[in-house]
Amino acid sequence: MDRRDVLKGVTLAAGAVVAAKQVLTPTPAEAQDASAEAQAANRNAVGNALVPMTPPDPDYFIPGRFAGKTFIVTGMARGMGAAAAMRLAREGANVVGVDWIKDLGEASHQAILAAGGKSVFIHGDIADPAVAQAAVDQAVAVFGGLDGALNNAGVMDGVFSGDPIDYASQKPLVFAKIHEATDDYWNNVLRSNATGMFTSLRAELRQLVAQNRGGAIVNVGSIAGMTGLAGNPAYVASKHAVNGLTKNAAIDYAPYGIRVNSVNMAATDTPMVERAGVLVRASGADATGPSMGRAKIHSVMSYTDPNGRSATVGEQVGMMLFLLSPEASNFTGGIYATDGGWTAY
């Protein structure tokens, strides 16, 4: 191996520097070249945008866009689900919110009512067919029918998302590479993300078909449904399932005037992503073998942004509501990368 090939490792990790020193001692000229390369890499790590992208005002909405329409929003207790439910209500929609975190779900529901919107809250697990059906039944009983859904509920690990983080006790349910993963981790994540998506879609589509007046559904996927994602096999498998169900439903229900799409984000400023970061840091001491987790840590947008920011909730919700709206009348079966360019390179 050429000395310069070894020295380039300094821009990747400190461990590579140690390994290089054990193999050979660089000449002064080589060391100077390597140092210059490392400094250039650090300068260009983030923040090379000449014109940074400004996220939308989180309070932005389009008055009357969904007046008289009724939508189910799963996972509406916090994060993107709560923001989407609130904006739908502000734009005139009736909201049927579903979540298994009772107190936060109730809080989102009450916030909609306090702002003058219309809302019903269903507490329960979306993977339970009775809960999925209850949401549809409430849409019909309270608001007279259903016009669509935002199937947003999902998890990144197998711990109940309303519980505080306690890595020591929760480790068997936390994401891990396949050879270290437990059955409970796998089963819990697939239950919420894949089975829960199926049960929600089934109940919603039964009603939309029976009504025979069309509709629109948006499923929340992830870049993990479009690519691999190091160290979280159940999440990757389940989000690929979300996108598979999206394509399948788009084909089968187009004759009924029902559109089905998915949105697929990279890191977004939500409690779930924050929780995942805490768990990754907590699990660091237990890590075994090499990891690919930092092989790619930026989307195009986060790389160029001066602060290396994640996507905002508002940036994601804007696309979700567009796809639910009549403006997206020719959009179905789309697996949209709302990922700041993550999957572009």
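The values are calculated or read from the model by the stated rules, or taken from the named source; none is laboratory data. Treat the numbers as computed from the prediction; the structure is a model and nothing was measured. Note that each Cβ is placed from the backbone with ideal geometry, even for glycine, and that neighbours are counted across all protein chains shown.
Condition check ((1) surrounded by 15 or more Cβ atoms within 10 Å (Cβ to Cβ); (2) touching a Pro at 6+ places or on another chain (Cβ under 6 Å); (3) assigned to a helix (DSSP H, G or I); (4) modelled with pLDDT of 95 or more) across all residues:
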| position | (1), (2), (3), (4) |
| --- | --- |
| Tyr253 | yes, no, yes, yes |
| Arg259 | yes, no, no, yes |
| Ser262 | yes, no, no, yes |
| Val273 | yes, no, yes, no |
| Ala276 | yes, no, yes, no |
| Leu279 | yes, no, yes, no |
| Ser283 | yes, no, yes, no |
| Thr288 | no, no, no, no |
| Ser291 | no, no, no, no |
>> When the residues of the range 288-345 are narrowed to those that are over 17 Å from the mean Cα position of the chain (by Cα) and polar (S, T, N, Q), which ends up farthest from Met265 (Cα to Cα)?
In response: Thr288
> So is Ala132 in contact with a Leu (Cβ under 6 Å, 6 or more places away or on another chain) and not basic (Lys, Arg) or not?
Replying inline: no
> Does the range 204-245 hold any residues that are under 15 Å from the mean Cα position of the chain (by Cα) and closer than 24 Å to Val140 by Cα, and which are they?
Replying inline: Val218, Asn219, Val220
> Do the conditions hold for Ala285, that is, is it closer than 25 Å to Lys247 by Cα and among the aliphatic types (A, V, I, L, M)?
Replying inline: no
> Could we say that Tyr303 is aromatic (Phe, Trp, Tyr), surrounded by 19 or more Cβ atoms within 10 Å (Cβ to Cβ) and over 26 Å from Met76 (Cβ atoms) here?
Replying inline: yes
> Out of (1) touching a residue at least 12 places away in the same chain (Cβ under 8 Å); (2) not in a loop (DSSP other than H, G, I, E, B), what's the single condition that is false for Phe322?
Replying inline: (1)
>> Going through Ser200, Ser192 one at a time, which residue ends up being touching a strand residue (DSSP E or B) at 6+ places or on another chain (Cβ under 9 Å) and either crowded, with 18+ Cβ neighbours inside 10 Å or in a helix (DSSP H, G or I) (or both)?
In response: Ser200
> Of all residues in the range 176-225, which are among the β-branched types (Val, Ile, Thr) and over 24 Å from Tyr256 (Cα atoms)?
Replying inline: Ile178, Thr182, Val189, Ile223
>> I'd like to know if the range 151-166 contains one or more residues that are at pLDDT below 95 and among the β-branched types (Val, Ile, Thr).
In response: yes
>> Quick test for you: out of Ser299, Ser310, Ser291, Ser329, pick the one residue that is in the same structural domain as Leu88 (by TED's automatic domain parsing) and touching a Phe, Trp or Tyr at 6+ places or on another chain (Cβ under 8 Å).
In response: Ser299
>> Only one of Arg206, Arg213 is in a helix (DSSP H, G or I) and surrounded by fewer than 17 Cβ atoms within 10 Å (Cβ to Cβ). Can you tell me which?
In response: Arg206
> Within the range 213-242, can you find the residues that are of a type outside the set (A, V, I, L, M) and under 18 Å from Asn188 (Cα atoms)?
Replying inline: Gly221, Ser222, Gly225, Gly231, Asn232, Pro233, Tyr235, Ser238, Lys239, His240
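Give me a count of the residues in the range 84-98 that are crowded, with 22+ Cβ neighbours inside 10 Å and either out of contact with any strand residue (DSSP E or B) (no Cβ under 7 Å at 6 or more places or on another chain) or of a type in the set (Ser, Thr, Tyr) (or both).
Residues meeting the conditions: 2.
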>> Among the residues in the range 228-240, are any farther than 25 Å from Gly289 by Cβ, among the aliphatic types (A, V, I, L, M) and buried (at least 17 other Cβ atoms within 10 Å of the Cβ)?
In response: no
>> Just to be sure before I move on: is Ile178 of a type outside the set (D, E, K, R) and under 25 Å from Met319 (Cβ atoms) in the structure I sent?
In response: no
> Would you say Asp184 is part of a loop (DSSP other than H, G, I, E, B), among the charged types (D, E, K, R), surrounded by fewer than 21 Cβ atoms within 10 Å (Cβ to Cβ) and in the same structural domain as Asp286 (by TED's automatic domain parsing)?
Replying inline: no
